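> Please see the structure below; I have some questions.
The values are calculated or read from the model by the stated rules, or taken from the named source; none is laboratory data. As the structure is a prediction and not an experimental result, all values here were calculated from the model. Glycine gets a Cβ as well: all are built from the backbone with ideal geometry, and neighbour counts include every protein chain shown.
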Amino acid sequence: MSRNVLDAAEFENRLIACRETMFRIAFDVLRNEEDASDAVQSAFCALLKKDQTRKKLRSLDPEIFRWYVFRAARNTALNLYQKNRRERERIAGLEETLLPAGEADLAEELILKAETETLRRAVSAMPEQYRTVLFRVCILEEKGAAVAASLGISAAALSARLKRAKEMLKSLLEKEEAK
């Protein structure tokens, strides 16, 4: 059933080979790409966090290894789904206690307008190169390779720029919220 312990590179390659299937499993549960990506990353972290788990995984035969990794992705996605559901229920409960039934829609509309304006101000404060990448990849949902090619940069540079854009946006939104 088990075989020789994998070396670090082989172990890493085996984990990376499971990434796409882990994402599909997480997406089937969560129905949201960002949440599915978060679940996969959390599952990877959980699998790699403890030395004992890593040692166990390195000694498993390929089929059992894949089953174990896929189960970890599924469980992580289910946990995130339940956490998100509890949060939505908590927020819905707060809205019901704070606002009478007819006023909830009006309050929701006002909150949405305020959030939209805050987001618009934060995005407009970003440098053009980051704003463009963020808009094309996240809003227009263009493929990263196509965006990178049209901007004349590598896929890795696009990925780094997108990461910086998201961090910048988060920081700008936090500053807006603090005002």
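> Touching a helix residue (DSSP H, G or I) at 6+ places or on another chain (Cβ under 9 Å), under 20 Å from residue 32 (Cβ atoms) and assigned to a helix (DSSP H, G or I), is that true of residue 173?
Yes.
> If you scan segment 16-51, which residues turn out to be over 12 Å from the mean Cα position of the chain (by Cα), surrounded by fewer than 17 Cβ atoms within 10 Å (Cβ to Cβ) and part of a helix (DSSP H, G or I)?
Across segment 16-51, the qualifying residues are 16, 17, 19, 20, 21, 24, 28, 45, 46, 48, 49, 51.
> Related question: Can you name every residue in segment 133-147 that is crowded, with 16+ Cβ neighbours inside 10 Å and touching a residue at least 12 places away in the same chain (Cβ under 8 Å)? Let's see the steps before the verdict.
Going through segment 133-147, the residues crowded, with 16+ Cβ neighbours inside 10 Å turn out to be 133-134, 136-137, 147.
Passing the criteria: 133, 134, 137, 147.
> Which pairs have Cβ atoms under 8 Å, sit 6 or more apart or on different chains, and link a residue in segment 30-42 that is in the same structural domain as residue 15 (by TED's automatic domain parsing) and closer than 17 Å to residue 70 by Cα to one that is part of a helix (DSSP H, G or I) and modelled with pLDDT under 90?
That search, which allows pairs on different chains as well, returns 30/84; 35/84.
> Of the residues 150, 159, 154, which single one is surrounded by 15 or more Cβ atoms within 10 Å (Cβ to Cβ), over 16 Å from residue 126 (Cβ atoms), among the polar types (S, T, N, Q) and in the same structural domain as residue 116 (by TED's automatic domain parsing)?
When all the criteria are applied, what remains is 159.
> When residues of segment 160-174 are filtered for being touching a residue at least 24 places away in the same chain (Cβ under 8 Å) and over 11 Å from residue 119 (Cα atoms), how many remain?
Residues meeting the conditions: 6.
> Further question on the same structure: Taking segment 143-167 on its own, how many of its residues are part of a helix (DSSP H, G or I), within 17 Å of residue 131 (Cβ to Cβ) and among the aliphatic types (A, V, I, L, M)?
Summing the residues that are part of a helix (DSSP H, G or I), within 17 Å of residue 131 (Cβ to Cβ) and among the aliphatic types (A, V, I, L, M) in segment 143-167 gives 8.
> Scan segment 120-130 for residues that are surrounded by fewer than 18 Cβ atoms within 10 Å (Cβ to Cβ), closer than 13 Å to residue 170 by Cα and in contact with a helix residue (DSSP H, G or I) (Cβ under 7 Å, 6 or more places away or on another chain) and report the count.
Residues flagged as surrounded by fewer than 18 Cβ atoms within 10 Å (Cβ to Cβ), closer than 13 Å to residue 170 by Cα and in contact with a helix residue (DSSP H, G or I) (Cβ under 7 Å, 6 or more places away or on another chain) within segment 120-130 amount to 2.
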